[in-house]
Amino acid sequence: MIEVQEVGRTFTISRRTGLLRRERRVVHAVQNLSFTVRAGEFVGYLGPNGAGKSTTIKMLTGILAPSSGRIQVAGLDPARRRTALARRIGVVFGQRTTLWWDLPLRDSFELIRHLYKVDRVAFKRRLDELTELLGLGEFLRTPVRQLSLGQRMRGDITAALLHDPRVLVLDEPTIGLDVVSKAAMRGFLRSLNAERGTTVLLTTHDMGDIERLCHRVMLIDHGRLAFEGGIDDLRATAPEESSIEDVVARLYARGAQAPDQ
Ligand SMILES: Nc1ncnc2c1ncn2[C@@H]1O[C@H](COP(=O)(O)OP(=O)(O)OP(=O)(O)O)[C@@H](O)[C@H]1O
């Protein structure tokens, strides 16, 4: 469902170092990255701040083109077929909304229906289902700017799923949610994957998300894949640690000692 082959992405940063002098520096955000996510998998994508997670997600969704290598998502090259891909995948960035700030939630969904050209009957059925599952009924007429973070996040997840995508890419979907909202969101995502077979790639700094949801974990550090395996394999990298958080902290610390690019 997702194929990443030897992908690299660099950024060139230009910085003023004097009155007339500029210094150019190349940042290797992602380097020689290869992985596969099969249909129906729920995979966690971990890494410390600045490791290259968002850059990867932007490449998977076609927002950024890779500098090298090859990507296929749902059978398409994301950077070349971004519009076609948008009909096959759903994307949620926890830190920002894709909804229209001043519009009631319902109107944002209606606009999305037009953008994705979703059939009216299928849209109504899917919206009713998602409204029920995510408990959104009482907020449909509320402008997005008046929603709490948890309500808005449920709105964003609904928006990403209205066109019934086979792949869902989530960038920190539980950030800032309270324990009850977090548990509800995780329950929803788990059943979406188990019952509907939606393939999910999840980026998070919350190890609870990883432990409770993911079949497999990939860990990126300094733009390179530093670990890949199941939760038990992850634990086995530091069996002396009792929590996943500490196991992952160990892996991050190991990466920090490695020579930088
Ligand atoms: N547009 C850009 N221009 C220059 N450098 C960038 C750009 N986007 C990302 N980078 C750099 O690429 C590297 C990877 O950044 P990225 O945002 O992918 O990390 P991340 O793993 O998502 O981090 P976080 O967990 O903090 O969100 C960082 O060194 C970052 O500064």
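Computed from the coordinates by the stated procedures, all read-outs in this text should not be read as laboratory data. As the structure is a prediction and not an experimental result, all values here were calculated from the model. All Cβ positions, even for glycine, are placed from backbone atoms using ideal geometry, and neighbour counts span all protein chains on display.
Computed extension gain for residue 141 through residue 38, at 0.36 nm per residue and net of the alpha carbon distance, reaches 33.3 nm. Take the Cα of residue 183, step 7 Å toward its Cβ, do the same at residue 21, and the gap between the two points is 6.0 nm.
Placing unit charges on the Cβ atoms only, positive for Lys and Arg and negative for Asp and Glu, gives the chain a dipole magnitude near 1320 debye about its Cα centre.
Taking label positions 7 Å along the Cα-Cβ direction at both residue 241 and residue 175, the computed distance is 2.2 nm, reported to one decimal. In plain terms, the chain from residue 11 to residue 252 could stretch by 84.5 nm, reckoned as 0.36 nm per residue minus the Cα-Cα distance. With springs connecting C-alpha atoms under 10 Å apart, model the chain as a Gaussian network and identify which of 104, 78, 173 has the largest mean-square fluctuation. Comparing 104, 78, 173 in a Gaussian network model of the chain, the most mobile one is 104. Each residue of segment 67-75 is assigned a 3J(HN,Hα), and the resulting list reads 7, 8, x, 9, 10, 10, 10, 6, x Hz, derived from the Karplus form 6.51 cos²θ - 1.76 cosθ + 1.60 (θ = phi - 60°), x at Gly and Pro.
Which one, 239, 217, 192, is farthest towards the positive end of the dipole of segment 175-261 when Lys and Arg carry +1 and Asp and Glu -1 on their Cβ? Going by the Cα projections, it comes out as 192.
Segment 71-100 and segment 191-261 have Cα centres spaced 23 Å apart. What the phi angles of segment 212-229 give under the Karplus curve with 6.51, -1.76 and 1.60, with θ = phi - 60°, is a coupling list of 8, 10, 8, 6, 8, 10, 10, 10, 10, 9, 6, x, 10, 6, 9, 7, 8, x Hz, glycine and proline written as x. The calculated FRET efficiency for the pair residue 116 and residue 215, based on their C-beta separation and a Förster distance of 35 Å, comes to about 0.80. Here the 3J(HN,Hα) profile of segment 17-25, calculated from phi with Karplus coefficients 6.51, -1.76 and 1.60 at θ = phi - 60°, is 10, x, 4, 10, 9, 10, 10, 9, 10 Hz, Gly and Pro shown as x.
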